[in-house]
Amino acid sequence: MPPLRQQPIQKVLEAFNLGRNEMAHALHVAPYTVSRWAAGRSQPTGLSKAVISALNMVAMKLKEEPAKREVIRGRIQLGIGSVIYYGLREARR
């Protein structure tokens with residue numbers, strides 16, 4: 001059996017040291033939904049998918065910059081509007 005691939009949401013949670021409840025709040029979804037995404041039982045769609053994708057790109061770019069990742073973590077905790085703005089802006093750099 002091949003190893004399970006880590007889900008994009010799980011990468012974001014780990015990169016930005018976030019709990020599932022925090023991410024659920026930011027994306028305006030139930031914590032259970034984030035848990036299902038992390039376990040690979042379902043996949044995000046629409047805006048949630050776009051935000052998670054952008055945050056994954058940012059996480060890869062900032063792998064060696066913990067201070068910047070902490071700033072983004074704070075933005076994620078503020079909510080989705082801030083996440084979209086900052087995440088998409090950083091992904092385009």
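The values are calculated or read from the model by the stated rules, or taken from the named source; none is laboratory data. It should be emphasised that the depicted structure is a prediction, and the values quoted were computed from it without experimental measurement. A quick note on method: Cβ atoms are made from the backbone with ideal geometry, for glycine too, and the neighbour counts reach across all protein chains shown.
Observations on the structure shown:
- Residues within segment 26-51 that are touching a residue at least 40 places away in the same chain (Cβ under 8 Å) and buried (at least 18 other Cβ atoms within 10 Å of the Cβ), tallied: 2
- The criterion of at least 1 residues that are modelled with pLDDT of 85 or more and either in contact with a helix residue (DSSP H, G or I) (Cβ under 6 Å, 6 or more places away or on another chain) or not small (Gly, Ala, Ser) (or both) is met by the following helices (runs of 4 or more DSSP H) wholly inside the chain: 8-15, 20-27, 31-39, 46-61, 66-78.
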